[in-house]
């Protein structure tokens, strides 16, 4: 029986590429989304992957959403990709508490909410894969992104701690830290800034969502059971730890 995988923010950008790659490899895939109902419907129609709507920044919504997915898909979620995220950039001296809290809730707290909702089922089955999508800016920091960088850096510590707790139960927990990837988020950056960014990437280009998906596929596999608590950077050499 195919394993059930859930991708948050799974109908667009990196999440969409991950969901498609999982389905093409034989997983039963569900995609979570937040607000863009028409886009989610189009995604399901094109790729045959069911899309489920709930707010990942709310604990109860995550619990109920996971129950709905597991009921509809006919089993426990065995692979969780915590991918969804937002940005609300601004220098610290201009940042509002609302913009700080929104990013922390969506990009960091949601990983607790989602992982908490699936972890007991994974422990009972003695199998699980939790893969958290961080960012190069959680490793380097970025001007105007104290909220985003704090959340994405927090995912790395979250990953290490949960990996230690879960290893004896057959659950691996890892992080992927993408560099600059061709998505809607980066398409909003001005051409001048993009040129500067690409100039700092040794391979001379931005990454593609499919390249992040390939890293996810590696970590999601049954055969990746000896890799846990790690952060895999996929950034074209822009940051080397």
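Taken together, the values in this text are just the output of simple stated rules run on the coordinates, not laboratory data. Being a predicted model, the structure only gives us computed values, none of them experimental. Positions of Cβ are backbone-derived with ideal geometry, glycine not excepted, and every protein chain shown enters the neighbour counts.
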### Task
Treat the count of other C-beta atoms within 10 Å as a stand-in for reagent exposure and order 165, 70 from fewest to most.
165, 70
### Query
Among 155, 194, 80, whose mean-square fluctuation peaks in a Gaussian network model of the chain (Cα, cutoff 10 Å)?
194
### Task
Determine the distance separating the Cα centre of segment 210-241 from the Cα centre of segment 107-128; give it in Å without decimals.
19 Å
### Query
What's the FRET efficiency of residue 169 with residue 221 using the Cβ-Cβ distance as r and R₀ = 22 Å, to the nearest 0.05?
0.80
### Task
Would you look at the GNM of the chain, springs on alpha carbons closer than 10 Å, and say which of 204, 13, 170 moves the most?
204
### Within a Gaussian network of the chain (alpha carbon springs, distance under 10 Å), most fluctuating of 79, 56, 20
20
### Message
What are the equivalent ellipsoid semi-axes of segment 4-129, built from the alpha-carbon gyration tensor (square roots of five times its eigenvalues), in whole angstrom, biggest first?
### Response
26, 18, 12
#### Entry: D_trans [Stokes-Einstein, Kirkwood Rh over alpha-carbon pairs] for the chain, 4 °C, 1.567 mPa s, µm² s⁻¹
72 µm²/s
### Message
Cut-off is 10 Å between beta-carbons; in what order do 92, 206 appear when sorted fewest neighbours first?
### Response
92, 206
#### Entry: Using alpha-carbon coordinates, inclination of helix 209-220 to the longest axis of the chain, degrees
40 degrees
### Message
Run the simple label-point estimate for residue 125 and residue 234 please: 7 Å along Cα→C-beta, distance reported in nm.
### Response
2.2 nm
### Task
Sort 47, 37 so the one with the fewest other Cβ atoms within 10 Å of its own Cβ comes first.
37, 47
